[in-house]
Structure formats: C-alpha cells, structure tokens
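Heads up: the structure comes next, in structure tokens.
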Amino acid sequence: TYLINYIQESAVYDATVVEAETHSVILNITALEIVSFNGTLHYNGTDYTPTITTSGNTSLLTSTLTAPEITANELVYFNWTYTLNGVDYNSSNYNQTIIFLTPLVISASCSDKALRFDLQDEGNLSA
C-alpha cells in the first residue's frame, strides 16, 4: 500500500516589526500523517532551531526572535526547511519589514529633557 501524505503549510508572523522588537515566527504544518518532524528557520541569513510542537496531524515550528538593529527600514527574508516523516521540504519564501526608529537628538541647551511615549492599539486604545 502507498500513503499519499497531503501536506498544508501556513506561516504566522508580523509583516512589520520595529528594530530590536521581540516577535514570534511560526510555521504551521498540517498533514494526514505525522510520524517524525523537525526543521530549521532561515531568517535574514541566520539559521535558528525552532521549538517543535506536534498534536495529532498538526505540527508547529516556533521561533522567538529579536529584530536586528538597523540604520534604515529594511526588508528581511526567511523560510524554513523541514523534514516530515523522513522526507525533506522547503517552505515558501516570506519577508518582513523592519522599521528603523530615528534616534532622538536633544540639544545640550534644552532645559526640559523629559520624554513620554504612549503606544496604544488604534482599535480599542489599550496599551
């Protein structure tokens, strides 16, 4: 008998992150049969060993990363290689925009140097 293993992959990640921000990148694999599974995330030229979670016919490769510090907005590319039931696969290619935060320049002659930033979710104004 032959098993034709139907495989579906989907990536979960933020399309835009701010430099030095911690974020997760997840590859979700659904297959008819998962006996063995492992993989590697290739992110911006660096390989990462993700945490692997398998439940039934779904497996996740989860990596928590810190976006690199940059000098201008930058587009980074990533993908996964993984082995499912002894067969090697390459995921689709993805990209993520890293936003550069312009450094604050404060004049030495400035007498009031207090700064306050409030970031809120636009939809519900929660922090």
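The values are calculated or read from the model by the stated rules, or taken from the named source; none is laboratory data. Here the structure is a predicted model, which means the values were calculated and not measured. FYI the Cβ positions are ideal-geometry reconstructions off the backbone, even for glycines, and counts take in every protein chain you see. Just so you know, the surface numbers come from the protein's heavy atoms only, side chains and all, with ligands and any DNA or RNA stripped out. Shrake-Rupley method; radii C 1.70, N 1.55, O 1.52, S 1.80 Å.
Accessible surface of segment 12-92, 1.4 Å probe: 47 percent of it comes from carbon and sulfur atoms.
In segment 1-100, the inverse of the mean reciprocal separation of distinct Cα atoms equals 14.3 Å; this is its Kirkwood hydrodynamic radius. Couplings 3J(HN,Hα) of segment 71-82, computed from phi: 10, 7, 3, 9, 9, 10, 10, 7, 7, 10, 10, 8 Hz, in residue order, whole Hz [Karplus 6.51 cos²θ - 1.76 cosθ + 1.60, θ = phi - 60°; x for Gly and Pro]. Charge tally around residue 39: other residues with Cβ under 12 Å, Lys/Arg +1 each, Asp/Glu -1 each, net -3. For residue 85, the residues whose amide H sits under 5 Å from its own are 35, 36, 37, ignoring neighbours fewer than 5 places away on the same chain, with H placed 1.01 Å from N.
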